[in-house]
Amino acid sequence: MNDETHASPRVSTGHPAWTREELMTIAASRALGDDDVCFVGIGPPSAACNLARLTHSPGLTLIYESGTLGTSPDVLPLSIGDGILADASITTVSVPEMFAYWLQGGHITIGFLAAAQMDRYGNLNTTVIGGYDAPKVRLPGGGGAPEIATACQQTYVIMRHAQRSMVERLDFATSLGHGPTGVERRQSGVTTAGPTRVFTDLCIMRPGPEDNELQVTSLHPGVGRDDVVEATGWPIRFAGQVDETPPPTNEELSVLRDLHRRSDEAHAG
Amino acid sequence: MAGWKREWVGVATFLPLDEAVALTVGDGQSVALEGFTHLIPFAAGHEIIRQGRRDLTLIRMTPDLVYDQMIGMGCASRLVFSYAGNPGVGSLRRLRDAVEHGWPAPLALVEHSHAAMAAAWSAGASNLPFAMLRGYLGSGLADVNPQIRTVTCPFTGEDLAAVPALRPDVGIVHAQRSDRDGNVLVEGIVGIQKEVVLAATVSLVTVEEVVDDLAAPSLNSCVIPGWAIDVIAVAPGGAAPSYTHGYYDRDNAFYLQWDEIASDRDTFRAWMDEHVGGTA
């Protein structure tokens with residue numbers, strides 16, 4: 001993940017000092033607060049959560065599905081169960097307890113998810129590209145996501161923006177967003193909010209108030225509407241008012257880069 | 001030999017690892033080598049490979065490199081799992097080759113979510129036939145796995161997901177240490193270690209060391225009593241390249257390297273031949 005982040009193209013003019021991938025992570029971190037209890041996945045979600053904890057929200061509670069409650073690691077873990085997560089936690093519980101008591105029990109405010117494919121209603125695919133029985137690409141699978149998607153009070157999605165990932169139709173529906181036509185989540189009696197924000201390397205999207213279809217609410221600096229249209233596999237909508245995402249501050253950028261540098265060093269062995 | 005079941009309770013049997021695996025694991029069995037990123041019983045998995053076991057139903061929440069290796073060496077015909085990636089790195093390339101191209105043999109998948117598998121382990125340890133959870137809502141997994149069904153709460157009428165309890169023929173986990181009576185201490189990310197030992201028909205625990213005094217740090221430490229364990233084998237470093245909290249760290253650099261080693265059938269087989277053996 002880190003290598004890909006660092007290899008991404010830099011914004012050509014005006015902002016030579018940061019990448020859009022960095023802004024994706026930073027924008028997500030800004031949406032977290034001291035009162036949040038966050039169920040964290042590896043990769044950009046973990047970077048965003050730890051960045052928030054190390055900058056504006058030191059009280060943010062991080063939970064990794066391996067059972068580590070309230071953890072504050074010095075470096076980003078490579079895996080969901082690195083020892084540093086247990087060392088830096090207030091307590092470490094069993095995996096059945098993690099999923100039954102803490103996730104299903106309703107103690108998580110924000111679940112952070114990523115996916116290979118997302119549709120316009122925030123439904124996610126992490127299972128297969130192609131057919132299930134004869135997949136073109138066998139992806140890792142759901143892991144914790146199917147229940148994170150429904151048990152957390154709300155979910156944030158963070159993923160790169162591209163035609164092949166922002167798709168008209170999912171190859172497989174692993175985790176519920178707002179449902180295949182945007183209404184199924186509500187109709188089936190799921191009481192949690194589902195995906196409320198999507199952070200990409202081009203923009204921020206939020207579900208529309210009427211039909212839950214994702215619409216662009218903020219464009220990153222240097223990104224035009226056409227860029228988003230071209231990178232989206234469905235006819236993307238824009239909100240009535242589209243903001244410009246504030247660029248990274250020096251503090252956000254230096255803390256994030258320091259975190260990645262320390263993590264890369266720690267995992268190089 | 002395999003299919004052995006101890007005829008007495010109250011004593012865990014200490015055996016060398018090769019004898020322990022030969023006694024407990026046979027062709028065609030359902031076998032779980034568990035450990036949630038931590039305490040993955042690699043040494044036992046490698047011994048199963050060396051002994052040439054075939055047609056196993058492998059059960060693990062996160063197949064990890066240990067199952068990538070066992071699947072790539074042709075030990076398995078079926079996999080029960082919930083997340084099949086190289087954690088933090090990407091794909092399990094041998095597993096993908098088996099699923100996408102049937103190499104070295106086709107692999108049938110029984111796919112769950114973590115929450116369901118964790119609940120299924122609890123149900124197995126509790127001697128229940130199935131687990132229930134508020135799960136799989138709106139997920140297509142229920143369409144491709146007929147073991148995911150629904151039960152209705154008799155009190156509220158709520159529909160809940162149901163999955164069969166996990167009750168493998170053999171459950172294998174790694175742990176920090178045991179005392180001479182076979183009481184085993186598990187520390188750090190305890191995962192589903194206790195559930196696997198209690199749910200399996202036969203349990204095998206590999207440990208870093210055997211000590212006179214277990215020195216469990218708290219009354220509430222995770223200790224599995226020796227009388228609940230069938231076989232214990234000493235395997236120092238037996239969880240590497242995963243880790244044993246308090247003994248050695250996860251070899252994250254190797255997890256990154258594995259992506260390259262496993263990317264090609266020949267480099268994979270050469271690596272296994274050199275480092276594990278039993279490929280001839």
- Message: Could you check the stretch B:12-28 and list, in sequence order, the residues that are crowded, with 19+ Cβ neighbours inside 10 Å, out of contact with any helix residue (DSSP H, G or I) (no Cβ under 9 Å at 6 or more places or on another chain) and either in a loop (DSSP other than H, G, I, E, B) or among the aromatic types (Phe, Trp, Tyr) (or both)?
- Response: B:GLY26
- Task: Kindly indicate whether any position in the stretch B:204-226 is among the β-branched types (Val, Ile, Thr), closer than 23 Å to B:ARG50 by Cα and within 14 Å of another protein chain (Cβ to nearest Cβ).
- Result: no
- Note on the structure: Going through (1) more than 14 Å from chain B (Cβ to nearest Cβ); (2) surrounded by fewer than 20 Cβ atoms within 10 Å (Cβ to Cβ) one by one, A:ILE236 fails only at (2)
- Subset of the stretch B:92-137, residues of a type in the set (S, T, N, Q), within 9 Å of another protein chain (Cβ to nearest Cβ) and part of a loop (DSSP other than H, G, I, E, B), comes to B:SER113
- Hey, can you tell me all the residues within the stretch B:247-262 that are in a loop (DSSP other than H, G, I, E, B) and at the interface with another protein chain (Cβ under 9 Å from one of its Cβ atoms)? B:ASP249, B:ARG250, B:ASP251
- Please find, within the stretch A:19-45, the residue that is farthest from A:GLY67 (Cα to Cα) out of those that are in contact (Cβ under 8 Å) with a residue 60 or more places away in the chain and within 14 Å of chain B (Cβ to nearest Cβ). A:PRO44
- Item | Residue satisfying all of: in the stretch B:68-91; touching a Pro at 6+ places or on another chain (Cβ under 6 Å) and either in a loop (DSSP other than H, G, I, E, B) or not small (Gly, Ala, Ser) (or both); surrounded by the fewest Cβ atoms within 10 Å (Cβ to Cβ) among these | B:GLY74
- Query: Mind checking whether some residue in the stretch A:159-166 is under 20 Å from A:GLU184 (Cα atoms), at pLDDT 95 or above, surrounded by fewer than 24 Cβ atoms within 10 Å (Cβ to Cβ) and not small (Gly, Ala, Ser)?
  - Reply: no
- What are the residues in the stretch B:138-162 that are over 19 Å from A:THR126 (Cβ atoms) and among the hydrophobic types (A, V, I, L, M, F, W, C), if any? B:VAL151, B:CYS153, B:PHE155, B:LEU160, B:ALA162
- Query: Taking into account only those residues within the stretch B:245-274 that are touching an Asp or Glu at 6+ places or on another chain (Cβ under 7 Å) and closer than 24 Å to B:GLU209 by Cβ, which is surrounded by the fewest Cβ atoms within 10 Å (Cβ to Cβ)?
  - Reply: B:GLY246
- Message: Can you pull out every residue in the stretch B:215-242 that is without any contact (Cβ under 8 Å) to a residue 40 or more places away in the chain and farther than 21 Å from B:ASN127 by Cβ?
- Response: B:ALA215, B:ALA216, B:PRO217, B:SER218, B:LEU219, B:ASN220, B:SER221, B:PRO236
- Query: Quick one: B:ALA142 ticks every box in (1) part of a loop (DSSP other than H, G, I, E, B); (2) crowded, with 16+ Cβ neighbours inside 10 Å bar one, so which box is it?
  - Reply: (1)
- Item | Listing of strands (runs of 3 or more DSSP E) fully contained in the stretch A:49-146 that carry 3 or more residues being more than 7 Å from chain B (Cβ to nearest Cβ) and surrounded by fewer than 21 Cβ atoms within 10 Å (Cβ to Cβ) | none
- Item | A:SER72 being among the hydroxyl-bearing types (Ser, Thr, Tyr) and touching a strand residue (DSSP E or B) at 6+ places or on another chain (Cβ under 8 Å) | yes
- Task: Sort through B:LEU160, B:LEU166 and tell me the only one that's assigned to a loop (DSSP other than H, G, I, E, B) and at pLDDT 95 or above.
- Result: B:LEU166
- Starting from the stretch B:190-214, keep only residues that are assigned to a strand (DSSP E or B) and at pLDDT 95 or above, then list their pairs with residues that are surrounded by fewer than 24 Cβ atoms within 10 Å (Cβ to Cβ) and among the hydroxyl-bearing types (Ser, Thr, Tyr) whose Cβ atoms are within a distance under 7 Å, requiring at least 6 positions of separation or different chains. B:GLU208/B:TYR247
- Hey, A:THR192 within 14 Å of chain B (Cβ to nearest Cβ), surrounded by 14 or more Cβ atoms within 10 Å (Cβ to Cβ) and in contact (Cβ under 8 Å) with a residue 40 or more places away in the chain or not: yes
- Matching residues in the stretch B:145-160 - criterion: being within 11 Å of another protein chain (Cβ to nearest Cβ) and either within 20 Å of the chain's Cα centre (by Cα) or surrounded by fewer than 21 Cβ atoms within 10 Å (Cβ to Cβ) (or both): B:ASN145, B:GLU158, B:ASP159, B:LEU160
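The values are calculated or read from the model by the stated rules, or taken from the named source; none is laboratory data. Owing to the predicted nature of the structure, the values given are computational and were not obtained by experimental measurement. Heads up, the Cβs are rebuilt from the backbone with ideal geometry, glycines too, and the neighbour counts pull from every protein chain shown.
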